[in-house]
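Just below is one structure, and these are the notes that go with it.
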Amino acid sequence: MKFGPDYEESDLTDMTSPVRRMRAFIYTERFLAMQQGCTPEAFYHVVNCLNAEEFYTSDSPKEAFSDNPGDVRECDALYYLGIVQGREEGILDGGSTITRQEAATILLRTYLLYGDGLEKPENPPIFLDSDLIAPWAEDAVYTLAGTGIFQGYDDGRFGPLDEITHEQYLTALYRLYDNLPISVKEHNVPSLLTQEEIAALIQTWDADPNSTWFIRSVVSGAVADCYILEVGRGTRYTHTSPILVFHSGAVKYVDDLGACNTGRGILYTFSELEDPRFSEDGNTLYYTITLPTEIPDLGNSDNWKYDKRHGHPAGVYNIALDINTLAVTAEFSPAPSSPPN
């Protein structure tokens with residue numbers, strides 16, 4: 001289970017420091033994606049596309065907040081799911097901090113999106129500063145405190161107006177996962193998405209002449225279907241990228257194809273996924289990638305933060321992808337040497 005930090009940003013240097021709204025929302029979206037069995041980028045992209053009212057193209061909805069960076073779309077997904085709201089209409093104020101009572105409200109909404117059976121206890125904990133808890137936060141504070149998700153301080157206060165830290169917020173998220181009755185840990189989380197609506201959405205991208213996502217092929221399996229897309233047509237980043245749409249309603253973007261990938265599931269168009277097919281039980285996707293020439297290790301590009309193309313020698317890669325863990329294994333056969341002149 002991973003929903004903690006991996007962004008290279010200054011607010012992550014001290015986990016005991018106050019968490020900013022944008023960071024807390026990123027943590028929360030990743031937690032929801034994990035509970036839904038989705039990769040984070042696939043979850044928020046699909047949620048945004050299904051719920052946004054305005055779009056640049058069918059595969060690129062406009063931002064819900066005017067002050068939210070375009071590459072931090074997790075915040076939009078939480079807005080569409082009814083978990084967070086802006087400070088005012090269209091304003092996220094992502095750089096400000098979150099109080100403990102605000103965090104309790106967000107976390108309770110997060111759980112109630114997929115879980116139930118959680119109510120304010122008849123005899124809630126008594127805090128010395130209960131008079132400071134806002135009426136709109138009382139149910140969330142006492143419900144989560146009563147179930148042990150949130151705890152007060154040793155001196156008997158809850159600290160509703162105190163800024164919550166990264167450590168405290170992530171601990172509360174972990175307790176949502178570990179302590180409550182509905183959790184992916186218990187294999188009983190209802191899906192927020194359906195296979196049918198995700199498939200229909202991908203078909204919409206393919207049919208839109210302004211879209212940059214096009215279906216190259218679809219492979220059906222016993223557990224999931226794999227949509228192999230051409231993404232970025234007409235741009236310098238045109239590539240092949242697969243999306244796994246599970247019959248359960250989960251969706252995953254594949255970040256590692258096993259050869260010539262950039263860390264985002266990107267396979268540039270000089271290569272293809274050859275002979276893609278599922279195992280009989282549907283849990284493994286097999287395919288072949290042939291690299292006619294060696295691909296140099298470019299490391300991280302200075303002009304595109306996701307461009308992390310890893311080097312691979314020329315040859316044939318027979319690959320098995322575990323669709324549940326996204327782990328890949330590859331059997332490599334080098335390209336035959338050219339005869340001397």
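FYI, it's all coordinate maths here, none of it is from the lab. Everything quoted here is computed from the prediction, not taken from an experiment. Quick reminder, even Gly has a Cβ in these numbers, built from the backbone with ideal geometry, and neighbours come from all protein chains shown.
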Quiz item: Once you list every other residue whose beta carbon is under 15 Å from the beta carbon of residue 195, what net charge do they have if Lys and Arg are +1 and Asp and Glu are -1?
Solution: -2
Exercise. Give the residue from 125, 173, 226 lying farthest towards the positive end of the charge dipole for segment 91-241; charges sit on Cβ (+1 for Lys and Arg, -1 for Asp and Glu) and the dipole is referred to the Cα centre.
Key: 226
Practice problem: Take the Cβ-Cβ distance between residue 248 and residue 129 as r, set R0 to 45 Å, and report the resulting FRET efficiency rounded to the nearest 0.05. | Solution: 0.55
Practice problem: Mind sorting 138, 63 by how few other Cβ atoms lie within 10 Å of their own Cβ, fewest first? | Solution: 138, 63
Practice problem: Sort the following peptides by mean Cβ neighbour count (other Cβ atoms within 10 Å, averaged over residues), highest first: 157-170, 98-111, 205-218. | Solution: 98-111, 157-170, 205-218
Quiz item: Under a point-charge model restricted to the Cβ atoms of Lys and Arg (+1) and Asp and Glu (-1), what is the dipole moment magnitude of segment 10-186 relative to its Cα centre, in debye to the nearest 20?
Solution: 320
